[in-house]
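Contents: one structure, followed by commentary.
The values are calculated or read from the model by the stated rules, or taken from the named source; none is laboratory data. Quick caveat, the model's predicted, so the values are computed rather than measured. Glycine also receives a Cβ, built like all others from the backbone with ideal geometry; neighbour counts cover every protein chain displayed. Areas reflect the complete protein model, heavy atoms only, side chains present, ligands, DNA and RNA absent. Shrake-Rupley method; radii C 1.70, N 1.55, O 1.52, S 1.80 Å.
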4 protein chains.
Amino acid sequence: MNTKEKKTAILLIHCPDRAGIVHSVTGFLSSHGGNILYLDQHTDSDQKVFFMRVEWSLDEFSIPVDEIEERFNESCGLKYEMSYRLYFSDYVPKMAIFVSKLSHCLYDLLARYAAGEWKVKIPLIISNHPDMKSVADMFGIPYYEFAVTKDTRDELAPKMLELLRENEVDFLVLARYMQIVPELLIDAFPNKIINIHHSFLPAFVGAKPYHAAYERGVKLIGATSHYVTPVLDAGPIIGQDIAKISHKNRVEDLVRKGKDLEKIVLSRAVEKHLARKILVYHNKTIIFS
Amino acid sequence: MNTKEKKTAILLIHCPDRAGIVHSVTGFLSSHGGNILYLDQHTDSDQKVFFMRVEWSLDEFSIPVDEIEERFNESCGLKYEMSYRLYFSDYVPKMAIFVSKLSHCLYDLLARYAAGEWKVKIPLIISNHPDMKSVADMFGIPYYEFAVTKDTRDELAPKMLELLRENEVDFLVLARYMQIVPELLIDAFPNKIINIHHSFLPAFVGAKPYHAAYERGVKLIGATSHYVTPVLDAGPIIGQDIAKISHKNRVEDLVRKGKDLEKIVLSRAVEKHLARKILVYHNKTIIFS
Amino acid sequence: MNTKEKKTAILLIHCPDRAGIVHSVTGFLSSHGGNILYLDQHTDSDQKVFFMRVEWSLDEFSIPVDEIEERFNESCGLKYEMSYRLYFSDYVPKMAIFVSKLSHCLYDLLARYAAGEWKVKIPLIISNHPDMKSVADMFGIPYYEFAVTKDTRDELAPKMLELLRENEVDFLVLARYMQIVPELLIDAFPNKIINIHHSFLPAFVGAKPYHAAYERGVKLIGATSHYVTPVLDAGPIIGQDIAKISHKNRVEDLVRKGKDLEKIVLSRAVEKHLARKILVYHNKTIIFS
Amino acid sequence: MNTKEKKTAILLIHCPDRAGIVHSVTGFLSSHGGNILYLDQHTDSDQKVFFMRVEWSLDEFSIPVDEIEERFNESCGLKYEMSYRLYFSDYVPKMAIFVSKLSHCLYDLLARYAAGEWKVKIPLIISNHPDMKSVADMFGIPYYEFAVTKDTRDELAPKMLELLRENEVDFLVLARYMQIVPELLIDAFPNKIINIHHSFLPAFVGAKPYHAAYERGVKLIGATSHYVTPVLDAGPIIGQDIAKISHKNRVEDLVRKGKDLEKIVLSRAVEKHLARKILVYHNKTIIFS
């Protein structure tokens, strides 16, 4: 996406549906010299809610960057009772990775990072085990081990949060992190913690989904990326994919096949998040194209 | 599969795993002039169970058809404590279709039937509504309406069973039949009632799975074919498939997209059943290739 | 899509990309009381071309239906050098089906038609063989047989065209029609003849693609829906899908598995066409969502 | 697959189809105490060729390992005119990776290697560019740069071959290696060079398949793993997969989406090769399950 090469701004908007919203927003942009690069709009006609993502070039846009939000609010936001977020393409978000003992998702994220596939910084990796330190070292990323268990989870949370704050982390990616995220972190990063669950949710919530899938005798396994909320495995779903299996596959085959699903589904979610293409509304995601 | 043109026999076998079973079975067949056309074998090494499907030509097979079962039992069955079933390719099974108000699965089954795609007879269609009678008439198949409701279900079951018996029905296909099957029928047709459920089980068991899928905000919908057991939507799964959906899809879009999944997944299950490629063991299916 | 219940208008637009087009079109609509139901926009930044589909309610739209095109042209069309087409949701298009000897696509189309899944009329079916007459009769649709061969094709074309004209046919669907369409018809129905080709084009152009796929030893087979142009199997692709196959599959297995692909891919293309969601530009399709 | 934990032997067999082959092979094994773990058999009834993969435990097998081949040949091989290969599960094959400038396939292979997912040694990486040396260094694998161009290819081939011989390499994996492999290497490693081509072959043979796919306006892109033969992109296909694309995707989007396909399809092929599950016959592969 070479649009990232020129500086752009992105607005993610939702508001009660009314006539004239698109016209109003595009009028605001074009009247100030903003050339629209992408416009994706969706109306939920059941709930009467309007959703929009618009990205425009700042090259000849006449409003200074630090005044856009205020001016947009005056022109459109207040009038249509909008909830909106404004992003700039030249900001490089900071992403923290949480990992336990499995390396496949971690490698997939770091390989993309090292190849420059994403516009992101990874200032640190956090784990409840020492196992992945060697991988973090290979890629030159600081690794912090917290001896998190069910009992120490809430006690360690403030230290974790402090570390994330110090590193100015914008969002978290749980790359098969096998501990429950403390509420302190969930509250601090609302819709900013991406998890990969190794089943096609809502089937097989919780621990050991491959074992449960094997027991039930399903003919496909899945993986689901979602934002973390206080209810386990119940947050807004970002993406899902599946793979076919057969009676010949044992649990360890499901685990092995599932790894390929997990890493791709997780990385696709990170990509959508970085591209500011996800809007969360009422525990569901709008994924703009 | 032009092997059906010559007369063949098929054995579906399972037994405790021991050394020498394949050798014993193939020895029995080849010593009597049986040329093996397909042999598919699987061992569940966790449960130590051996599964096998073998199909051979009867052209030069020296044992008369009505003695094969006894002779096989003497040679192999007793020795290895086998459970097995013997089928002949020239037998044309009789299939009853159960339907309610939706036509898509019914048309898909009947179109294949009319085109001669399957070696099957459809002596009757049973419904709890009059709506599909016109479709049955188009294809010249007798249509029986039973005013089944929650309250009349068990009362009407003996009449249904009698009708199925009179027509010498071998197995039932529930083509989006929206009533629970009475236990009398389930008992009479064990692993011989194929249902299509409009979700990727075990997610969204029960009624209105598309509404539930919409509410949860999943990114894929599914369909599952399975044999009916007394526990709702919990029988052995035969096949599953999914389709991607997006936030733009409303419940009616899910229903519409789901219909294509349902009819294909159901027909594939019927095809596997007719080809004697499904073996049920402990609420799971072995699907031979 | 219950939007069809209220009367709507749809515009499909493409033009050289410039700033302000969305604003201009939405301004035209909202200034006359048109409530936008769907707006989908795409810019080809390589070719600098702007594409848009917009659908709006005519309930409170102040411009009379027969003046909309002219007024839109004055307000937006001329200014932006637009190519555009205007459709109304209450018009029921007429679709002719061409078929040869295979029934699977025909049944799939007619089953949807009979179930009222699509807003379409099917005034006639044309074939080069008598085989499918019985299917046409079942659904009560006139069936015309033309003894088309390589030699009689161009000679019979004017009669075919006359028949299509008499029936006021809007578009043609080739449901596994095994003859080349004469240029007279292609010229008369530009981007209005939908074909299903039984391969993932551009692989296996021409006759017997399943045989060619088998010979090459591919691990997946496909089906492709496309608009017919004078160059065989080279028209704009509407949709494609694939199924996995294995070394165990013979040519007849590919044919059998392929049928399910073909009918679904073809019907999806017809659905997109009917929903006015396809725009053809430079031998490619823009498929609006 | 915990069967690798105990020492097993694997036979891959093909021969003219005749009655009694399975019985003969299983008889040879069971008469010497060989417990069969997997048996997968396939008969090509068009070509009258029999294919088989059998894996058995060596724990109580009475024939010494270095005599198995000879004894099998005497008992079965000669009688049925078999072509066969014998493998042992405790042998660790040596795999050389060839790479150019793109890292995604390389990382995917090396991440699995580092995680111990495969039973393989990677003694060296060969490239025509210096770019991937840093990745090789991260994983501690020797990296050899050969300045291969169209002109120097054949001249450098003997040196390459010598290096591969010195390292006792068993097979090569081309992880997006952008040079044609010299015939000297192809001859030295028949059906032992695995390539990943970034299209669903036979569509888009040769250079720049994503550009060609974009030009044609296809709705899905693919990747194909295959063994290298002297004819470019025409060797036996091992595996294929596809991803859906839309008109919104530019060439760079196809390239980006394609990378995920390529790496997974390549790694799956390596996995099948390592598991001795691929048999090549007449430019096609039999992939045992």
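Computed values, structure above
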read-out	value
Per residue value of the accessible surface for region D:95-287 (all protein chains in place, 1.4 Å probe), Å²	37
For region B:68-81, 3J(HN,Hα) per residue [Karplus equation, 6.51 cos²θ - 1.76 cosθ + 1.60, θ = phi - 60°, Hz, x = Gly/Pro]	4, 4, 5, 5, 5, 4, 4, 6, 10, x, 5, 4, 9, 6
Excluding exposed DSSP-loop GluC sites (Glu not before Pro) (at most 13 other C-beta within 10 Å), longest clean stretch of chain A	A:169-289
Antiparallel content of DSSP bridges confined to chain B, in %, to 5	70
Value of D in µm² per second that Stokes-Einstein yields for region A:95-287, Kirkwood Rh from Cα pairs, at 20 °C (1.002 mPa s)	126
DSSP-defined beta bridges in the protein assembly as shown - what % are antiparallel, rounded to 5	70
Of all accessible heavy-atom area on region C:96-189, the percent that carbon and sulfur account for (1.4 Å)	50
Label 7 Å beyond Cα on the Cβ vector: D:SER45 copy-to-copy distances, nm	3.2, 5.2, 5.6
Complex-versus-alone comparison for region C:31-48, residues with a loss of 50 Å² or more in accessible area, probe 1.4 Å	C:LEU39, C:GLN41, C:HIS42, C:ASP46
Sum of side-chain charges, D:ASP131 neighbourhood, beta-carbon under 13 Å (Lys, Arg +1; Asp, Glu -1)	+1
Amide H contacts under 5 Å for D:ASP170, placed H, 5+ residues apart	D:LYS94, D:MET95, D:ALA96
Gap separating the Cα centres of region D:84-127 and region D:211-232, nearest whole Å	24
For region C:239-289 and region A:130-151, distance of Cα centres in Å	47
Interface size C-A, as summed buried accessible area [1.4 Å probe, Å², nearest 100]	1100
Mean projected area (nm²) of the alpha-carbon convex hull when the protein assembly as shown is viewed from all directions	48.0
1.4 Å probe, heavy atoms, protein only - residues of region C:164-203 losing at least 20 Å² accessible area vs chain alone	C:PHE200, C:PRO202, C:ALA203
Per-residue HN-Hα couplings for region D:130-140 [Karplus 6.51, -1.76, 1.60; θ = phi - 60°; Hz; x = Gly/Pro]	x, 4, 8, 4, 5, 5, 4, 4, 3, 9, x
Loop trypsin sites (Lys or Arg not before Pro), region B:102-196, which have at most 10 other Cβ atoms in a 10 Å radius of their Cβ (DSSP)	B:LYS150
Distance violations [Cα-Cα > 25 Å] among A:LYS79/A:LYS272; D:LYS121/D:LYS159; A:LYS192/D:LYS133; A:LYS121/D:LYS101; A:LYS219/B:LYS7	A:LYS79/A:LYS272; A:LYS192/D:LYS133; A:LYS219/B:LYS7
Surrounding net charge for C:GLY77, when Lys and Arg each add one and Asp and Glu each subtract one, Cβ distance under 15 Å	-1
Accessible area (Å², per residue) of region C:8-88, counting only protein heavy atoms and a probe of 1.4 Å	41
Summed side-chain charge close to D:ASP241 - residues other than D:ASP241 whose Cβ falls under 9 Å, Lys, Arg +1, Asp, Glu -1	+3
Under the span-like rule (Cα at least 27 Å along the axis, Kyte-Doolittle mean at least -1.0), DSSP H helices of chain B	B:251-274
Volume per residue of the C-alpha convex hull in region B:125-170, rounded to whole Å³	70
Placed amide H near A:VAL49: partners under 5 Å, 5+ positions off or other chain	A:ASP17, A:ASP44
Kirkwood Rh, Cα atoms: Rg over Rh of region A:1-123	1.07
Inter-copy label distances at A:GLU74 (7 Å, Cα→Cβ; nm, one decimal)	3.6, 9.9, 10.2
Other copies of D:ALA147: label-to-label distances in nm, shortest first, labels 7 Å along the beta-carbon direction	5.7, 7.4, 9.3
Mean ellipticity per residue at 222 nm, deg cm²/dmol - from DSSP H runs of n ≥ 4 across chain D, formula -39500 (n - 2.57)	-9000 deg cm²/dmol
Cα gyration tensor shape of region C:91-166, rounded if a/c is under 1.5, else prolate or oblate by comparing a/b with b/c	oblate
Karplus-derived HN-Hα couplings along region B:281-286 (A = 6.51, B = -1.76, C = 1.60, θ = phi - 60°), whole Hz, x at Gly and Pro	9, 6, 6, 10, 10, 9
Residue and distance (whole Å) for the chain A Cβ nearest the axis that superposes A on D	A:MET138, 2
